[in-house]
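Shown next, in C-alpha cells, is the structure this report addresses.
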Amino acid sequence: MFSKHNEYPVSFQSTWKTEQLLEAGSTQTDDIVQKDGDCQVVEQAEVGVQTEEEDAKHFENQGYDEASLAAFLKSVAPKVIRELERQNRSQAFHGYSAAKEEESLGVKRLHTLRWSQLHPEGVVTSISWSCTGSVIGVSYGSKDHDDWCDHKGAVAVWNINRSDFDANQPERVIEASSCILSLAFHPTNPALFAAGTFNGEILVYDLSRTEEVTPLVAGECGGGSVTALSWVDNIAREATVSRMHSTIIATTSSGFVLVWELNLTKQQLPLKSGFMLQGQDAPRGIRTQMDGSSGVGITAASFNSEDSMLFILGAEGGGLFLCSTSSEVPTGVEFSGVGLMKCVSSTLAPHSGRVITAQFSPHHRNAILSAASDNQIRLFTLLQPNKPVSIIHAEEGIGCVQWSLSRPLVVAVGHITGEVALYDFGLKNCQPFLILPAAEKPSSVTALQFNKRNMKLLAVGDQLGRVRVWHLPNSAVSPLSSELSTLHTILDNLVD
C-alpha cells in the first residue's frame, strides 16, 4: 500500500542583482513667441446740472386791531364750530374721492432700474429720493454675512427727469469698501446724502462734486453695522435756525444711537452725543441670556415729525422702545470720548420676531407703525403703548413696510413673494385694496420708498438688485375727506 519515494532537489540562479541598463534622452519645445500691442479707450466726457438750495422764506407779521379781531372771532366762532361738527357727523361724502376723470385710474410701471456691474450676491438694501423728487439713490449690499464684510458696496444714482435718462445705466455710481445697508438724502440739499455701511462707517457724499469719488466727510460707529440713518432738525435745545438739518442720527447693530453734527464749511463730522439700548431695557419676556449692560441690536428707528426729541427703536428680539434724547442717565459706556446715555422711556407691546419697521406717522403725532417677521403689521398710539389699536395679519412673509405720505391710514407692504400690497387701517376686512404684481422673475422685496414731491411714485427694490418705479392710481394716493378724522377715532378707541 505504501512505498518509498525519493525527491531530488531543484534550484535556479538568482537574477535580482542584474545590472540595469539606463539611457539618457531629452526633448525641446519650440521657442515661445511674444508680441506687445496697445489700445486706447474712447474718450468720454460727463456734464451735470445741480439745482441750488432753496432759501427759507421768512414772513413778517402785519399790524392789525386785536380788539376788533377778537370781537369778530367771538361772534362767528360758535357758528363755524357748529357747522364743522355737523360736517364731521355727515356721511354724505363718505367714500368719495375727488379724482379727475381724465387721469389714469390704473397702476403703471414706469421704470425698472438696473446696475449691470452689480455682483451676483448684491441686493437692494435701501432706497432714498432727493428733496426735489427727481433723483433716486439705491444702495447695494449682501444679505449674507458670517462675520466681517468683505463685499464691495455701492450707491447708484439716477435722475429720472433727465432727457438722457437710461434705466440700465446710472448717472453716478459711488463704490464703498463694504456693503451699504442704509441711505438717506438730505431733506433740503438735493446734492447731499449719507450712507451707512456694514462695517460701521457713515459716509457723506456731495453729488455736486462730479470729480470726487471719496466721501466729503466720514464717521466711525464702533464696528456695529449702521442699520438706520436719519437727518433730523437739531435736537440740542440751543439749536439755531441757521443750523437746521445738519444733524445725522445713526443706529447700529451694537445698540448705539449716535448723534453726529455735520459742518459743511469745515467739512467735519464730529460726534456730539450718543445713547445706548441695553439688554436691561428689554421687557422680561424677550430678554436673552446676555449681560444686561450689553447692547441690543437695533433694526429700525424713526423720529417724531412734531417732536424731534422723541423717537422709536425696533430691535432684533422683537422689542419696541419709546425713547427720548432728553435723557441724562449715563449707561457707564463710553464711545469715542463721549459718554453714552440711556434713552428708553417706555416700551411697546413686543413682537414675537425680528422688527422690520418701526415708524412714527407723518400725519399724526401719536400714531406708530410696526411690522416684524411674525407677519404682523401693528398700529399703536402713544396713549396706549402696551397694546396695539389695530393689527393686520399678512398672509405672506414681510420684507419691508412704509407709511403712505398722502393717505393717513394707508401703508405699503413689500412681501417676500415680490408683490407689494397696500393696506388701509380704516377697512374692516383687513385685506389689501391694491396689489402691485411681482416681476416676471419674482424676488423678495427688500426696500420701499414713496416720493415726497410726487406721491404717486413708489420705488420698490428687490433681492435681485432691481428697482421698479410704479405710478400709483388716484385711489391709492388721494385721501378721503374723513380719513384723518377716522385715524383720530381709531387712536382714541383705547382697549382695556
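The values are calculated or read from the model by the stated rules, or taken from the named source; none is laboratory data. Remember, predicted model here, so these are calculated numbers, not experimental data. Every residue, glycine among them, receives a Cβ derived from its backbone with ideal geometry; neighbour counts consider all protein chains shown. Surface areas here come from the heavy atoms of the whole protein model, side chains and all, with no ligands, DNA or RNA. Shrake-Rupley method; radii C 1.70, N 1.55, O 1.52, S 1.80 Å.
Can we say ASN429 is of a type outside the set (Phe, Trp, Tyr), closer than 18 Å to GLY318 by Cβ and without any contact (Cβ under 8 Å) to a residue 40 or more places away in the chain?
Taking the combined requirement at face value, the residue does not satisfy it.
Which ones in segment 146-168 are open to solvent by 20 Å² or more (accessible area, probe 1.4 Å), more than 20 Å from LEU457 (Cα to Cα) and touching a residue at least 24 places away in the same chain (Cβ under 8 Å)? Residues satisfying the conditions are TRP148, ASP150, HIS151, LYS152. Answer with yes or no whether ALA476 is modelled with pLDDT of 90 or more and closer than 25 Å to PRO170 by Cβ. When the stated conditions are applied, ALA476 does not pass them.
Answer yes or no as to whether ALA228 is under 18 Å from LEU269 (Cα atoms) and in contact with an Asp or Glu (Cβ under 8 Å, 6 or more places away or on another chain). Walk me through it before giving the result.
Numbers: under 18 Å from LEU269 (Cα atoms): yes; in contact with an Asp or Glu (Cβ under 8 Å, 6 or more places away or on another chain): no.
Spelling it out, it is not the case that ALA228 is under 18 Å from LEU269 (Cα atoms) and in contact with an Asp or Glu (Cβ under 8 Å, 6 or more places away or on another chain).
Scanning segment 449-488 for residues that are closer than 19 Å to VAL157 by Cβ and free of Cβ contacts under 8 Å to residues at least 40 places away in the same chain yields nothing.
If the condition is being part of a strand (DSSP E or B) and buried (at least 16 other Cβ atoms within 10 Å of the Cβ), then segment 380-403 contributes PHE380, THR381, GLN384, SER390, ILE392, ILE398, GLY399, CYS400, VAL401, GLN402, TRP403.
Scanning segment 423-443 for residues that are buried (at least 18 other Cβ atoms within 10 Å of the Cβ) and touching a Lys or Arg at 6+ places or on another chain (Cβ under 9 Å) turns up ASP424, LEU436, SER443. Touching a strand residue (DSSP E or B) at 6+ places or on another chain (Cβ under 8 Å), at pLDDT below 95 and open to solvent by less than 40 Å² (accessible area, probe 1.4 Å): does that describe LEU118? Against the criterion (touching a strand residue (DSSP E or B) at 6+ places or on another chain (Cβ under 8 Å), at pLDDT below 95 and open to solvent by less than 40 Å² (accessible area, probe 1.4 Å)), LEU118 qualifies.
Among the residues of segment 296-311, which ones are of a type in the set (A, V, I, L, M), in a loop (DSSP other than H, G, I, E, B) and under 23 Å from ARG365 (Cα atoms)?
First, pick out the residues of segment 296-311 that are of a type in the set (A, V, I, L, M): 296, 298, 300-301, 309-310.
Retained after the next criterion (residues that are in a loop (DSSP other than H, G, I, E, B)): 296, 309.
Passing the criteria: only MET309.
Answer yes if at least one residue in segment 254-267 is surrounded by fewer than 20 Cβ atoms within 10 Å (Cβ to Cβ), over 22 Å from ALA358 (Cα atoms), modelled with pLDDT of 90 or more and in contact with a Lys or Arg (Cβ under 6 Å, 6 or more places away or on another chain), and no otherwise. For segment 254-267, residues surrounded by fewer than 20 Cβ atoms within 10 Å (Cβ to Cβ), over 22 Å from ALA358 (Cα atoms), modelled with pLDDT of 90 or more and in contact with a Lys or Arg (Cβ under 6 Å, 6 or more places away or on another chain): present.
Here's a check for you: in segment 220-231, which residue that is in a strand (DSSP E or B) and either open to solvent by less than 10 Å² (accessible area, probe 1.4 Å) or among the charged types (D, E, K, R) (or both) is nearest to GLY314 (Cα to Cα)? It would help to see each step written out before you state the result.
Going through segment 220-231, the residues in a strand (DSSP E or B) turn out to be 220, 226-231.
In the following step, the residues that additionally are either open to solvent by less than 10 Å² (accessible area, probe 1.4 Å) or among the charged types (D, E, K, R) (or both) were identified as 220, 226.
Values: GLU220: 22, VAL226: 14 Å.
The extreme case among them is VAL226.
Can you tell me how many residues in segment 182-197 are in a strand (DSSP E or B), among the polar types (S, T, N, Q) and surrounded by fewer than 23 Cβ atoms within 10 Å (Cβ to Cβ)? Residues that pass the stated criteria total 0. Candidates are the residues of segment 444-496 that are among the small types (Gly, Ala, Ser) and assigned to a loop (DSSP other than H, G, I, E, B); the one that is surrounded by the most Cβ atoms within 10 Å (Cβ to Cβ) is GLY465. Per the listing GLN40, GLN34, GLN62, the residue uniquely outside any helix (DSSP H, G or I), open to solvent by 100 Å² or more (accessible area, probe 1.4 Å), at pLDDT 75 or above and farther than 30 Å from ILE160 by Cα is GLN34. When GLY314, GLY274, GLY318 are checked against the criterion of being open to solvent by less than 20 Å² (accessible area, probe 1.4 Å), assigned to a loop (DSSP other than H, G, I, E, B), closer than 27 Å to THR125 by Cβ and modelled with pLDDT of 90 or more, a single residue qualifies: GLY318.
Take PHE321 and decide whether it is among the hydrophobic types (A, V, I, L, M, F, W, C) and within 26 Å of PHE450 (Cα to Cα). Answer is yes for this residue.
Just to be sure, is ASN429 under 19 Å from GLY133 (Cα atoms), among the polar types (S, T, N, Q) and not in a strand (DSSP E or B)? Show your work before the answer.
Details: under 19 Å from GLY133 (Cα atoms): no; among the polar types (S, T, N, Q): yes; not in a strand (DSSP E or B): yes.
Taking the combined requirement at face value, the residue does not satisfy it.
Can you find a residue in segment 202-216 that is without any contact (Cβ under 8 Å) to a residue 60 or more places away in the chain, polar (S, T, N, Q) and farther than 23 Å from LYS266 by Cβ? No, segment 202-216 contains no residue that is without any contact (Cβ under 8 Å) to a residue 60 or more places away in the chain, polar (S, T, N, Q) and farther than 23 Å from LYS266 by Cβ.
Taking the residues in segment 277-295 that are closer than 19 Å to ILE368 by Cβ and modelled with pLDDT under 90 as candidates, determine which candidate is least open to solvent (accessible area, probe 1.4 Å).
Residue satisfying both the conditions and the ranking: ALA282.
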